[in-house]
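Right, one structure below, let's go through it.
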Amino acid sequence: MHSHNPFQPPKADACGCGHDHAPDHAHDHDCQCAAGAHRPSCFDAALEVASECEDCRVVHAWLHLHGKWVLHAWGETDEAVYDLTETRNPQPRADYYARNGVTEERLRRYGRVEFFTIMADTGSFGPFDAAFFFAPESDTDPLGR
């Protein structure tokens, strides 16, 4: 696992969002503390990871949360996920994938240089595959299964 965390440590509250809530508070796309200026969007957060972590890749994926398919982005290494919308600490990749229902066929992974090249060409932080990531969320499986 990454021994160096390139991100500043979390605030005194459990997740670093500035709200006072239980340490086991789960963040999802309905979480009120993810709104507004308290935390960046997942695509902004993935850009921050790519900017700070030289061996990270950026991932855009469909996650199955609360009965819906939700578009999400994060940075990762072979062992760790850096999802700054949840925590500023690295998370074990296998645990993150299992908890969020991440599957290889429902994601697009970009090397750091590739990510910055596409970002420069498109003027966007993502998602880059607009046909595959056709909406922020979907009630049906994006693969039609």
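General remarks:
- Selection from region 105-145 of residues that are within 24 Å of residue 48 (Cβ to Cβ) and acidic (Asp, Glu): 114, 121, 129, 137
- Filter pass, residue 135 being open to solvent by 70 Å² or more (accessible area, probe 1.4 Å), not in a strand (DSSP E or B) and not β-branched (Val, Ile, Thr): no
- With respect to the conditions (1) modelled with pLDDT of 95 or more; (2) surrounded by 18 or more Cβ atoms within 10 Å (Cβ to Cβ); (3) not acidic (Asp, Glu), residue 70 falls short on a single one, namely (1).
- Residue within region 7-18 that is within 26 Å of residue 119 (Cα to Cα) and at pLDDT below 50 present: yes
- Unmet requirement for residue 145, which otherwise passes all of (1) surrounded by 11 or more Cβ atoms within 10 Å (Cβ to Cβ); (2) free of Cβ contacts under 8 Å to residues at least 24 places away in the same chain; (3) among the basic types (Lys, Arg): (1)
- Count of region 43-55 residues which are closer than 19 Å to residue 137 by Cα and either small (Gly, Ala, Ser) or open to solvent by less than 10 Å² (accessible area, probe 1.4 Å) (or both): 2
- Applying the set (1) outside any strand (DSSP E or B); (2) more than 12 Å from the chain's Cα centre (by Cα) to residue 49 leaves exactly one unmet item: (2).
- Taking (1) surrounded by 15 or more Cβ atoms within 10 Å (Cβ to Cβ); (2) at pLDDT 95 or above; (3) out of contact with any helix residue (DSSP H, G or I) (no Cβ under 7 Å at 6 or more places or on another chain) in turn, residue 109 satisfies each apart from (1).
The values are calculated or read from the model by the stated rules, or taken from the named source; none is laboratory data. This structure is a prediction, so every number in the text was calculated from the model and none was measured. In this analysis, Cβ positions are derived from the backbone assuming ideal geometry, glycine residues included, and neighbour counts consider all displayed protein chains. Please note that ligands, DNA and RNA were not included when accessible areas were found on the heavy atoms of the full protein model with its side chains. Shrake-Rupley method; radii C 1.70, N 1.55, O 1.52, S 1.80 Å.
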